[in-house]
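Undergrad: Here it is: the structure, laid out below.
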Amino acid sequence: MIKYLTSLFCKVVHYETTDVNGKTTRSKRCLCFSRLLYLVITVICHVLFFKDGFPESFINIYANILAILIGLLSASMLFGFESIYNNNKKEIEGKYEISINEEQEGKERIYIVNNEALDSNNSRDNASVTQQNNYANQFVCFTGYNIVLCTITLFLILFVSLFEIDAYDPYNTFFVDIKSVRWEHILNFTIGMFVSIQRIFVLYAMGLIVKYSLFATTSLVHVMTTKMKNK
């Protein structure tokens, strides 16, 4: 599973740093820097505003939104698959070269089978189909990555709510002498670390979910627009 998740993340980074024609629009270093900056802002927001946990109303609404998004995004993946499948069928249409060997004459004749004449208009149509395929790939990758983010965030929220540690304050602690460390101290430290990471991830994923939802919607609009133009 880690292999496929890593592959999905690499594809998302690829489509986020290149345009529909395959040209680089921003470097991966710039993307990593922007992600790191966003993570720092998320940590600051967690320390300043949410060290006591999220409001209960926010947890309920956010969990419902994530559950709905997972269903909607999973259904929309079928459209992306259908679009890519149809485009791949179109890409194999074109020129086919066949060779017939005549034993009597000892010569070889080459026949070119053309489905359509390749002129400048056809070239533009092929470029349009290629762009449509790239937009569909973007839509599938961004949507799949969104599903992963929504699923992980939802289960983290449910896990914290299950053990009733959503209101745990990890900063309400103090250091004790190493000789007086007990099991409950280690447990409290572990819970505090987990709760802090969970809250930071929830805030971090919330921004990414909005971002990639907009990216996926934009790619879907381009796919539909390109299809209408081809018709």
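Undergrad: Only residues in the stretch 18-39 that are free of Cβ contacts under 8 Å to residues at least 60 places away in the same chain count as the first member; pair them with residues that are open to solvent by 60 Å² or more (accessible area, probe 1.4 Å), Cβ under 6 angstrom, at least 6 apart or cross-chain, and list the lot.
TA: Listed by first residue and then by second, the contacts come to THR18/THR24; ASP19/THR25.
Undergrad: While we're on this one: Which one is surrounded by the fewest Cβ atoms within 10 Å (Cβ to Cβ), of the residues in the stretch 8-17 that are free of Cβ contacts under 8 Å to residues at least 60 places away in the same chain and of a type in the set (A, V, I, L, M, F, W, C)?
TA: CYS10
Undergrad: While we're on this one: For SER180, work out the one condition from (1) out of contact with any Ser or Thr (no Cβ under 8 Å at 6 or more places or on another chain); (2) surrounded by 13 or more Cβ atoms within 10 Å (Cβ to Cβ); (3) small (Gly, Ala, Ser); (4) over 30 Å from GLN131 (Cα atoms) it doesn't fulfil.
TA: (2)
Undergrad: Also, quick follow-up: Name the residues in the stretch 141-168 that are aromatic (Phe, Trp, Tyr), at pLDDT 85 or above and loosely packed, with under 14 Cβ neighbours inside 10 Å, would you? If you could, list the steps in order and put the result at the bottom.
TA: Just the residues of the stretch 141-168 that are aromatic (Phe, Trp, Tyr), to begin with: 142, 145, 155, 159, 163, 168.
Checking which are at pLDDT 85 or above leaves us with 142, 145, 155, 159.
Once the filter is applied, which keeps residues that are aromatic (Phe, Trp, Tyr), at pLDDT 85 or above and loosely packed, with under 14 Cβ neighbours inside 10 Å, the stretch 141-168 yields PHE155, PHE159.
Undergrad: Among the candidates GLN138, GLN198, which residue alone is open to solvent by less than 60 Å² (accessible area, probe 1.4 Å) and modelled with pLDDT under 90?
TA: Numbers: GLN198 fails: modelled with pLDDT under 90.
Only one candidate qualifies: GLN138.
Undergrad: Being hydrophobic (A, V, I, L, M, F, W, C), loosely packed, with under 14 Cβ neighbours inside 10 Å and modelled with pLDDT under 90 narrows it down to one residue among PHE49, PHE33, PHE54; which is it? Break it down stepwise before answering.
TA: Details: PHE33 fails: modelled with pLDDT under 90; PHE54 fails: loosely packed, with under 14 Cβ neighbours inside 10 Å.
Answer to the selection: PHE49.
Undergrad: Name the residue, out of LEU5, LEU39, that is at pLDDT below 90, outside any loop (DSSP other than H, G, I, E, B), open to solvent by less than 80 Å² (accessible area, probe 1.4 Å) and hydrophobic (A, V, I, L, M, F, W, C). Please lay out each step first, then the result.
TA: Working: LEU39 fails: at pLDDT below 90.
Checking each option against the conditions leaves just LEU5.
Undergrad: Of the residues that make up the stretch 72-92, is at least one among the acidic types (Asp, Glu), within 19 Å of the chain's Cα centre (by Cα), modelled with pLDDT under 90 and open to solvent by 30 Å² or more (accessible area, probe 1.4 Å)? Even if it seems obvious, please write down each step before you answer.
TA: As a first pass, look at the stretch 72-92 and keep what is among the acidic types (Asp, Glu): 82, 91.
Pick out the ones that are also within 19 Å of the chain's Cα centre (by Cα) and you get 82.
In the following step, the residues that additionally are modelled with pLDDT under 90 were identified as 82.
Remaining after also requiring open to solvent by 30 Å² or more (accessible area, probe 1.4 Å): 82.
Yes; the residues of the stretch 72-92 include at least one that is among the acidic types (Asp, Glu), within 19 Å of the chain's Cα centre (by Cα), modelled with pLDDT under 90 and open to solvent by 30 Å² or more (accessible area, probe 1.4 Å).
The values are calculated or read from the model by the stated rules, or taken from the named source; none is laboratory data. Everything quoted here is computed from the prediction, not taken from an experiment. All Cβ positions, even for glycine, are placed from backbone atoms using ideal geometry, and neighbour counts span all protein chains on display. Quick note on the areas: whole protein, heavy atoms, side chains included, nothing else; ligands and nucleic acids left out. Shrake-Rupley method; radii C 1.70, N 1.55, O 1.52, S 1.80 Å.
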